[in-house]
Amino acid sequence: MKKTSIEVKVGDLIIGGNNPVVIQSMTNTDTCDTTATVAQIQRLVQQGCQLVRLTAADIEQAENLYNIKNELQRLGCNVPLVADIHFSPKAALISASVADKIRINPGNYVDRKWKPSFTESDYEDILNKAKENLLPLVDTCRKHNTAIRIGVNHGSLSERILFKYGNTPKAMAESAMEYLRLFNQMDFHNIVVSLKASQVRTMYQANKLLVDMMQKEDMYYPLHLGVTEAGDELQGRIKSICGIAPLLMQHIGSTIRVSLTEEPENEIPVAKSIASVCTDCPDKEVLYIAEKAYGLLENKISTLDKTNPSDKDILQALDIERYKAEFIACPSCGRTKYNIQEALSQVKQACSHLKSLKIAVMGCIVNGPGEMADADYGYIGAGDDTVNLYRGKTPVYTHVKQEDAVNKLIEIIKADGKWQEA
Ligand code: SF4
C-alpha cells in the first residue's frame, strides 16, 4: 500500500504499520474440548504461531473460550485468540468479550436472505439492518478492546453481492468495503480485512482491488492474506506461496495464514518461509516461486519452462495448465467430524490421474458445499465418520460410511463417463 496500513492491536500483538508480518493458524479440535484445544494451541505456539483462531460456531463453543483462555494463562501462554463466527450473532457477542479478535464473514453474518432479485432500496434496507445488528457487537468490542476481522470468502458471498457484482474478485472487495463503511460510520477502526479464495488468481486480484478501493476512500486497514482450501503436501504449499508471496512483495498484507489439510502445526514453517520474502533473508525456493507467480499474475511473462517440475506446479497452481487433477480441500476446524486428512489422501490416490477434474474434499456440510467453489465433485463430511458425495452442487449420496466413500465417488465419476484407468 502506498501509505502504510494503520496498526491494530490484538492482545499484546500489533498487526499492520511497519511491524513484521504476523503468522497465524487455526485449531481443528472441538472448541468444547478444552484439553485437546489447549494442547494444540501450545504446539502451534511452540512452532512460532503468533495468533490462533478457533471456531465459535455456537453459544456452547463461544462460552468455552473462557475455559481455554484461563487454562492457557495458567500455563503461562498469552497467545492472542481469535473466535471464528459463522451464523450466530449471539456467539459473536459472547466471543467478543473473551477473545482478542473475532472474525465475521459478511456473507453469512446477518445477511443471508435469498431473493431472486434485489432493488437499490433492498440494498439500503439490508445494510441498515446489518448496521443495527452490528451495533451491540461493536459496543462489546469497544468495551473489551477486541479487534474484528472482516473475513470475506469467495465461496460464501451473499446472494445480494452475487446479484450485483457476479462471482468475481470485485464482488469480494465490494463485500468487504460495505462492512468497512458501516464500521466507519460507527467510528470503529480496530479492524483487519481478509479476502480469501481457493483460486490463487481470484484471491490475488481481489486483494489488489481492495487496496485500491480502500485508498480511494482514505482507508488503510491491515490485510490478512491466505489461499483457502489449498489442500495438502506440495500442492497446498505452492498454491499458498503463489497467492500470498507476490502480494507481500508489493507490501500488501500484514498477517498471513497458510491453510493446509494437515495438522495445523505444519502450517507454521511454511508461513514463516513465505513471510521471509519481505525480509533481507528470503527463503530462496519460495522467492523463486513467488517471482515466477508474480510475473504470471501481472502478465509480465506468459509461461514457464515446463521441463522444470516446480514450474509445472506453479502453472497448475495458477490454473494456467493442468498436469494432474485439481484438489480443493479445507484445512478442517472444530466443525469437522471425520478424518479429513485420511480422506484427502485416499481421494488423491484414486483420482490424481484424472487431470480434467476438480475435486473438493471438505470438512463439514454447513460451509463445505458453498465453499467448494466450482469443483466437479465434492466429498464432504456429513457427521460422525460419514460423508455426502456431490456432483457439482447436487448431493448424490448422503451419509455414506467413510470406508465406502471413495468407491462411491468413483462410481459417480464412471457414471458420468469421466473415469479413466490410471
Ligand atoms: S468447510 Fe472446513 S474449514 Fe470451513 S467450516 Fe467446514 S470444516 Fe471448517
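To keep it simple, each residue is scored yes or no on (1) within 16 Å of the ligand (Cβ to nearest atom); (2) of a type outside the set (D, E, K, R); (3) surrounded by fewer than 23 Cβ atoms within 10 Å (Cβ to Cβ).
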{"position": "Ala56", "(1), (2), (3)": "yes, yes, no"}
{"position": "Pro80", "(1), (2), (3)": "no, yes, yes"}
{"position": "Ala96", "(1), (2), (3)": "no, yes, no"}
{"position": "Asn105", "(1), (2), (3)": "yes, yes, no"}
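Of the residues in the stretch 48-70, not one is assigned to a helix (DSSP H, G or I), among the basic types (Lys, Arg), over 21 Å from the mean Cα position of the chain (by Cα) and more than 15 Å from Lys101 (Cβ to Cβ). Out of Glu298, Glu267, Glu263, one residue alone is more than 16 Å from the ligand (Cβ to nearest atom) and either in contact (Cβ under 8 Å) with a residue 60 or more places away in the chain or on the phi < 0 side of the Ramachandran plot (or both). It is Glu298. When you look at Thr140, is it at pLDDT 95 or above and open to solvent by less than 10 Å² (accessible area, probe 1.4 Å), yes or no? Considered against the rule, which asks whether it is at pLDDT 95 or above and open to solvent by less than 10 Å² (accessible area, probe 1.4 Å), Thr140 comes out as no. If you check Lys131, Lys170, Lys115, Lys143 for being under 26 Å from Ile241 (Cα atoms) and either charged (D, E, K, R) or out of contact with any helix residue (DSSP H, G or I) (no Cβ under 9 Å at 6 or more places or on another chain) (or both), only one passes: Lys170. Tell me whether the stretch 334-351 contains one or more residues that are away from the ligand (no atom under 16 Å from the Cβ), open to solvent by less than 20 Å² (accessible area, probe 1.4 Å) and closer than 24 Å to His154 by Cβ. Within the stretch 334-351 (the criterion being away from the ligand (no atom under 16 Å from the Cβ), open to solvent by less than 20 Å² (accessible area, probe 1.4 Å) and closer than 24 Å to His154 by Cβ), the answer is yes, since at least one residue qualifies.
Selection within the stretch 380-401: residues that are at positive phi and open to solvent by 60 Å² or more (accessible area, probe 1.4 Å). The member of this set that is nearest to the chain's Cα centre (by Cα) is Asp385. Return yes or no: is Asn28 under 30 Å from Leu247 (Cβ atoms) and more than 20 Å from the chain's Cα centre (by Cα)? No: the conditions fail for Asn28.
Can you find a residue in the stretch 402-420 that is in contact (Cβ under 8 Å) with a residue 60 or more places away in the chain, open to solvent by 20 Å² or more (accessible area, probe 1.4 Å), within 28 Å of Ile289 (Cα to Cα) and not assigned by TED's automatic domain parsing to the domain that holds Asn108? For the stretch 402-420, residues in contact (Cβ under 8 Å) with a residue 60 or more places away in the chain, open to solvent by 20 Å² or more (accessible area, probe 1.4 Å), within 28 Å of Ile289 (Cα to Cα) and not assigned by TED's automatic domain parsing to the domain that holds Asn108: absent. When each of Tyr288, Tyr338 is tested for being on the phi < 0 side of the Ramachandran plot, assigned by TED's automatic domain parsing to the domain that holds Asn407 and among the aromatic types (Phe, Trp, Tyr), the lone residue that passes is Tyr338.
Which ones in the stretch 4-35 are of a type in the set (Gly, Ala, Ser) and more than 16 Å from the ligand (Cβ to nearest atom)? Reasoning before the result, please.
Taking the stretch 4-35 and keeping what is of a type in the set (Gly, Ala, Ser), we get 5, 11, 16-17, 25.
Ser5, Gly11, Gly16, Gly17 - these are the residues of the stretch 4-35 that are of a type in the set (Gly, Ala, Ser) and more than 16 Å from the ligand (Cβ to nearest atom).
Can you tell me which residue among Ser302, Ser356 is open to solvent by 70 Å² or more (accessible area, probe 1.4 Å), hydroxyl-bearing (Ser, Thr, Tyr) and within 18 Å of Gln199 (Cβ to Cβ)?
On the way: Ser302 fails: within 18 Å of Gln199 (Cβ to Cβ).
Unique residue meeting the criteria: Ser356.
Residue by residue, here is whether (1) open to solvent by 30 Å² or more (accessible area, probe 1.4 Å); (2) of a type in the set (Lys, Arg); (3) modelled with pLDDT under 95; (4) in a loop (DSSP other than H, G, I, E, B) holds:
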site: Lys3; (1), (2), (3), (4): yes, yes, yes, yes
site: Val8; (1), (2), (3), (4): no, no, no, no
site: Ile15; (1), (2), (3), (4): no, no, no, no
site: Ile23; (1), (2), (3), (4): no, no, no, no
site: Asn28; (1), (2), (3), (4): yes, no, no, yes
site: Thr31; (1), (2), (3), (4): no, no, no, yes
site: Thr35; (1), (2), (3), (4): yes, no, no, no
site: Gln40; (1), (2), (3), (4): no, no, no, no
site: Leu44; (1), (2), (3), (4): no, no, no, no
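Taking the criterion of being buried (at least 19 other Cβ atoms within 10 Å of the Cβ) and part of a helix (DSSP H, G or I), the residues of the stretch 277-286 that qualify are Val277, Val286. Evaluating Ser156 against the criteria (1) touching a residue at least 60 places away in the same chain (Cβ under 8 Å); (2) in contact with a strand residue (DSSP E or B) (Cβ under 9 Å, 6 or more places away or on another chain) leaves one unmet condition, (2). The single condition among (1) under 22 Å from Gly226 (Cα atoms); (2) modelled with pLDDT under 95 that Glu120 does not meet is (1).
The values are calculated or read from the model by the stated rules, or taken from the named source; none is laboratory data. Here the structure is a predicted model, which means the values were calculated and not measured. All Cβ positions, even for glycine, are placed from backbone atoms using ideal geometry, and neighbour counts span all protein chains on display. SASA here: full protein model, heavy atoms, side chains in, ligands and nucleic acids out. Shrake-Rupley method; radii C 1.70, N 1.55, O 1.52, S 1.80 Å.
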